[in-house]
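Structure, as structure tokens:
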Amino acid sequence: MPSSPPQWPLSFGYTLLRATLYMFFVAGIAQGGYFEALYLPYVRYTELGFTEFTQTLVLASCCGLLIYVRQVLKVWPTVTLLLLAFVAASLVREQDYFLDYYVADNSWKVLVSLIVIPSLAWVVVQRRRFIEEFSHYSNTFAFGLFTGGVLVTYIFSRLYGRQDFWRAVMQDNYIREFKDVAEEAIELLGYSLILFAMIELLLIARRIYKARQVAR
């Protein structure tokens, strides 16, 4: 049963179509942020604004795609489990305001622990299978996009959004909202790259799934 992507050539037109759709998506979120700033002054860059809501929608979509790949197509189950735990934990973390307000302070930390710890434990138990699956996944475009998304969201946006940096730049004109705008916008871009990675993973998984059906 094949576990690596079949070497079927992808047409230039198909590749160009995907790249174009990704380009329009990125342009769309940038334009959404623009409209949020101009026309949604009371909720802009808050939990109810376009940017924060889109972050939640993107992460929820990633979770849905990963569940489909793992449970329906049954491709790379340990790798997709680890990816799902990571994305689901990020989704819960994005809801910290609502969880703290409606449930209890720091309740998101409990939920993240309940997601991450069992998933990591299972991957450790299945480590040989994980290493084999990862050897295939790590050589895909999907992995490159995922890595880029993680670096943008969890490294660059965090460092770029440091308060000391923005205080030094704006000096006496410092306003926290400007820092939040920059950090949240970059974060959404990173999440978008992760979504693209999940779409690419789905396309690979479908090719593997079809190859398995043919091999039967």
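The values are calculated or read from the model by the stated rules, or taken from the named source; none is laboratory data. Everything quoted here is computed from the prediction, not taken from an experiment. When we count neighbours, we look across all protein chains shown, and the Cβ atoms used for this are built from the backbone with ideal geometry, even at glycine. These area figures cover heavy atoms from the full protein model, side chains too; ligands, DNA and RNA do not enter into them. Shrake-Rupley method; radii C 1.70, N 1.55, O 1.52, S 1.80 Å.
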Condition broken by CYS63, with the remaining ones in (1) part of a helix (DSSP H, G or I); (2) without any contact (Cβ under 8 Å) to a residue 24 or more places away in the chain satisfied: (2)
Unique residue being open to solvent by 20 Å² or more (accessible area, probe 1.4 Å) and either assigned to a helix (DSSP H, G or I) or at pLDDT 95 or above (or both) when the list is LYS210, LYS179: LYS210
Scanning region 6-40 for residues that are part of a loop (DSSP other than H, G, I, E, B) and within 22 Å of ARG206 (Cβ to Cβ), which turns out modelled with the highest pLDDT? SER11
Show the residue pairs that are 6+ apart or on different chains and have beta-carbon atoms under 6 Å apart, the first residue being within region 24-51 and closer than 12 Å to LEU188 by Cβ, the second being of a type in the set (Lys, Arg) and surrounded by 18 or more Cβ atoms within 10 Å (Cβ to Cβ). GLU36/ARG44
In region 90-110, is there at least one residue being within 30 Å of THR15 (Cα to Cα) and either crowded, with 19+ Cβ neighbours inside 10 Å or touching a residue at least 24 places away in the same chain (Cβ under 8 Å) (or both)? yes
For region 137-148 the number of residues that are open to solvent by less than 40 Å² (accessible area, probe 1.4 Å) and under 11 Å from LEU83 (Cβ atoms) is 3
Of the numbered conditions (1) open to solvent by less than 50 Å² (accessible area, probe 1.4 Å); (2) out of contact with any Ser or Thr (no Cβ under 7 Å at 6 or more places or on another chain); (3) at pLDDT 95 or above, PHE86 satisfies every one except a single condition; which is it? (1)
Would it be correct to say that ASP164 is more than 28 Å from THR20 (Cα to Cα), in contact with a Gly (Cβ under 9 Å, 6 or more places away or on another chain) and open to solvent by 30 Å² or more (accessible area, probe 1.4 Å)? no
Hey, PHE86 within 15 Å of the chain's Cα centre (by Cα), farther than 20 Å from ILE29 by Cα and not aliphatic (A, V, I, L, M) or not: yes
